[in-house]
Amino acid sequence: MQPVALREIFRFYLPLVLTSQMMTLSGPLINVAVGRSAEPKLEFAGYWIGFSILMFVESPCFVVQQVAATLLSGYRSYRRLLFGSLLLGVGATATTILFAVTPAGDPIFDYLIKTTARAEVLAREVLLLLSPTPIIISIRGVANAIALREKRTGLIAQATGARLFVLAGIVAVAVAVHTSSGALAGAAALVSGLLTEMILVLHRTKTFRRKMRIDRGGPEDQILPYGEILRVAWPIAVSSYVWTSIRPVINAILGRLPDPELAQGGFGVVLPILLLSCSPLWALQNVTLILPESRGDLRRILRFSMWATVVFVVVVVGMTWTPLRWIILRSFFSLSDEMERAVIPALLLLVLEPLFLTTRSTSQGLLIKARRTSIFTSVSLSKIAVLAATGFALVRAYPGLNGVFLGTALFITGELIDGVFYSLKARSLVLGGVLFPALTGRERA
């Protein structure tokens with residue numbers, strides 16, 4: 001077997017970089033519309049509180065792509081994965097609607113994420129508009145998994161490009177007509193873009209689905225037990241739940257400060273910048289999940305990951321430590337002086353994120369590849385408990401602290417915790433021969 005070449009790694013990774021960049025560009029683009037509303041502080045808080053709740057509810061849908069890419073083996077497994085994903089998406093959409101329009105959402109806004117009454121009303125409206133996204137993401141995840149297994153990551157990038165084009169068009173119209181609510185316009189733009197992306201990726205992968213149907217009944221087309229799907233998916237889903245719950249938890253912490261709209265709105269400005277500048281490093285998870293077949297492959301991929309980290313550290317420094325940040329904050333988001341003062345200290349922290357995210361992404365990909373995902377549950381639950389306890393203690397002790405800085409620091413600390421524990425576990429699997437056991441004599445030496 002030929003070792004994986006740098007060119008092959010780059011050809012697989014580059015479309016995923018473009019995909020992640022275009023996906024995370026959605027947040028800053030939506031903020032362009034939000035920041036030009038009549039009351040931007042309110043609109044930022046309302047949109048990002050609603051979006052944070054949605055992210056938590058739909059978080060199991062985000063793992064569909066990873067689980068399907070790991071378990072997909074033929075037409076029968078595809079059908080089971082698609083059916084399970086649809087059930088997941090429908091359940092998440094129904095839960096989102098309940099939280100948005102019924103008293104079931106009252107505990108969230110009354111006790112968990114405290115904010116002003118008007119921000120709550122807007123957040124519920126945003127949540128209702130975003131409610132179809134879990135179904136869309138679940139279907140898209142299975143289609144993207146097919147493209148990953150076929151190493152056709154370019155198809156994913158093309159579909160995400162179409163999503164961004166539609167979203168940007170709707171945002172541009174909203175800005176041009178001076179819509180009364182940038183938050184609602186942004187929510188409508190996001191749903192429209194996601195729907196476009198799902199339709200296109202389904203269309204572009206139909207040839208592979210047809211081939212699976214033709215080859216049905218072959219030696220690789222085994223029936224996939226639901227128990228195996230659950231065994232692999234459950235810990236990843238818990239990890240995803242915790243990762244997405246960090247946003248509502250941070251918003252709940254910031255809601256205890258004297259000016260919750262400023263703290264929550266400012267965090268809603270910083271987080272999309274963080275995700276945009278570092279998102280290509282998420283794609284390293286798919287690289288370590290799909291490409292390595294030996295320790296030699298893994299060494300090449302880890303070296304590639306190291307250099308990718310260096311590149312994105314430079315990108316983050318350029319965006320947050322240089323005068324470029326003023327262009328971002330003033331020209332794109334039209335922030336007030338008050339919000340600028342709250343946001344700038346948090347931006348300086350972002351330089352740490354690429355280091356922690358690379359470690360987490362590469363390690364998590366290896367753990368999923370080995371189907372040793374149980375560690376995700378224990379680490380994730382411990383992490384959220386530590387972050388919540390720390391955050392609530394700090395706002396009680398120091399009510400005058402910068403909430404945007406605190407929220408950003410907690411988010412980045414969560415990535416550090418994941419990276420440390422996942423990398424230690426992945427290293428033990430590699431050294432113990434669980435991953436890549438068929439070694440050459442040179443590799444054994």
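The values are calculated or read from the model by the stated rules, or taken from the named source; none is laboratory data. Everything numeric in this text was worked out from a predicted model, so none of it was measured. Glycine gets a Cβ as well: all are built from the backbone with ideal geometry, and neighbour counts include every protein chain shown.
Of the residues 377, 322, 362, which single one is among the β-branched types (Val, Ile, Thr), outside any helix (DSSP H, G or I) and either crowded, with 22+ Cβ neighbours inside 10 Å or at pLDDT 85 or above (or both)?
On the way: 377 fails: outside any helix (DSSP H, G or I); 362 fails: outside any helix (DSSP H, G or I).
Among 377, 322, 362, only 322 is among the β-branched types (Val, Ile, Thr), outside any helix (DSSP H, G or I) and either crowded, with 22+ Cβ neighbours inside 10 Å or at pLDDT 85 or above (or both).
Find the residue count for region 239-267, including only residues that are crowded, with 24+ Cβ neighbours inside 10 Å and basic (Lys, Arg).
Number satisfying all stated conditions: 0.
If a residue must be in contact (Cβ under 8 Å) with a residue 12 or more places away in the chain and closer than 16 Å to residue 34 by Cβ, how many such residues does region 174-213 contain? Before you say what the answer is, go through the steps one by one.
Taking region 174-213 first, the residues in contact (Cβ under 8 Å) with a residue 12 or more places away in the chain are 174-175, 178-198, 200-202, 204-205, 208-209, 212-213.
Next, from what is left, pick out any that are closer than 16 Å to residue 34 by Cβ: 174-175, 178-191, 193.
Counting residues in region 174-213 that are in contact (Cβ under 8 Å) with a residue 12 or more places away in the chain and closer than 16 Å to residue 34 by Cβ gives 17.
State yes or no: is residue 11 more than 30 Å from residue 297 (Cα to Cα), modelled with pLDDT of 85 or more, more than 15 Å from the chain's Cα centre (by Cα) and of a type in the set (Lys, Arg)? Walk me through it before giving the result.
Working: more than 30 Å from residue 297 (Cα to Cα): no; modelled with pLDDT of 85 or more: yes; more than 15 Å from the chain's Cα centre (by Cα): yes; of a type in the set (Lys, Arg): yes.
In short, no.
For region 299-319, how many residues meet the condition of being loosely packed, with under 12 Cβ neighbours inside 10 Å and either on the phi > 0 side of the Ramachandran plot or at pLDDT below 90 (or both)?
0
Among the candidates 406, 424, 439, single out the residue that is in contact with a helix residue (DSSP H, G or I) (Cβ under 8 Å, 6 or more places away or on another chain) and either modelled with pLDDT of 95 or more or charged (D, E, K, R) (or both).
Numbers: 424 fails: in contact with a helix residue (DSSP H, G or I) (Cβ under 8 Å, 6 or more places away or on another chain); 439 fails: either modelled with pLDDT of 95 or more or charged (D, E, K, R) (or both).
Exactly one of 406, 424, 439 is in contact with a helix residue (DSSP H, G or I) (Cβ under 8 Å, 6 or more places away or on another chain) and either modelled with pLDDT of 95 or more or charged (D, E, K, R) (or both), namely 406.
Mind listing just one residue for me: the one in region 255-268 that is of a type outside the set (Asp, Glu) and in contact with a Leu (Cβ under 7 Å, 6 or more places away or on another chain) and, of those, farthest from residue 316 (Cα to Cα)?
From region 255-268, those of a type outside the set (Asp, Glu) are 255-258, 260, 262-268; that's our starting set.
Filter again for in contact with a Leu (Cβ under 7 Å, 6 or more places away or on another chain), leaving 260, 263-264, 267.
Values: 260: 27, 263: 22, 264: 22, 267: 17 Å.
So the residue we want is 260.
Residues that are closer than 20 Å to residue 141 by Cα, of a type in the set (Gly, Ala, Ser) and modelled with pLDDT under 90, at least 2 per element: which helices (runs of 4 or more DSSP H) completely within region 172-273 meet that?
Values: elements: 182-204, 206-214, 226-254.
Fully inside region 172-273 and qualifying: 226-254.
Being within 28 Å of residue 143 (Cβ to Cβ) and among the acidic types (Asp, Glu) is the filter here; which residues of region 21-67 pass it?
58
Could you check how many residues of region 140-163 are buried (at least 19 other Cβ atoms within 10 Å of the Cβ) and more than 30 Å from residue 76 (Cα to Cα)?
Matching residues across region 140-163 total 0.
Farther than 30 Å from residue 261 by Cα and in contact (Cβ under 8 Å) with a residue 12 or more places away in the chain: is that true of residue 411 in this structure?
Numbers: farther than 30 Å from residue 261 by Cα: no; in contact (Cβ under 8 Å) with a residue 12 or more places away in the chain: yes.
Against the criterion (farther than 30 Å from residue 261 by Cα and in contact (Cβ under 8 Å) with a residue 12 or more places away in the chain), residue 411 does not qualify.
May I ask you to verify whether residue 276 is over 30 Å from residue 434 (Cβ atoms), in a helix (DSSP H, G or I) and in contact with a helix residue (DSSP H, G or I) (Cβ under 7 Å, 6 or more places away or on another chain)?
yes
Restricting to region 102-134, give me the number of residues that are touching a residue at least 60 places away in the same chain (Cβ under 8 Å), under 21 Å from residue 88 (Cβ atoms) and touching a Leu at 6+ places or on another chain (Cβ under 7 Å).
4
For region 287-296: of the residues being at pLDDT 90 or above and in contact with a Leu (Cβ under 7 Å, 6 or more places away or on another chain), which is farthest from residue 69 (Cα to Cα)?
292
Would you mind finding the one in 396, 372 that is exposed (fewer than 14 other Cβ atoms within 10 Å of the Cβ), of a type outside the set (Gly, Ala, Ser) and touching a residue at least 12 places away in the same chain (Cβ under 8 Å)?
On the way: 372 fails: exposed (fewer than 14 other Cβ atoms within 10 Å of the Cβ).
Answer to the check: 396.
Considering each of 250, 229 in turn, give the residue that is farther than 24 Å from residue 65 by Cβ and either touching a Pro at 6+ places or on another chain (Cβ under 8 Å) or not hydroxyl-bearing (Ser, Thr, Tyr) (or both). Walk me through how you get there before you give the answer.
Details: 229 fails: farther than 24 Å from residue 65 by Cβ.
Unique residue meeting the criteria: 250.
Return yes or no: is residue 332 at pLDDT below 95, aromatic (Phe, Trp, Tyr) and surrounded by fewer than 17 Cβ atoms within 10 Å (Cβ to Cβ)?
Numbers: at pLDDT below 95: yes; aromatic (Phe, Trp, Tyr): yes; surrounded by fewer than 17 Cβ atoms within 10 Å (Cβ to Cβ): yes.
So residue 332 passes the test.
Would you check if there is a residue in region 265-272 being touching a Ser or Thr at 6+ places or on another chain (Cβ under 6 Å) and under 20 Å from residue 56 (Cα atoms)?
Looking for residues that are touching a Ser or Thr at 6+ places or on another chain (Cβ under 6 Å) and under 20 Å from residue 56 (Cα atoms), one finds at least one in region 265-272, hence yes.
Hey, among the residues in region 91-121 that are of a type in the set (Phe, Trp, Tyr) and either over 21 Å from residue 250 (Cα atoms) or modelled with pLDDT under 90 (or both), which one's surrounded by the fewest Cβ atoms within 10 Å (Cβ to Cβ)?
Result: 111.
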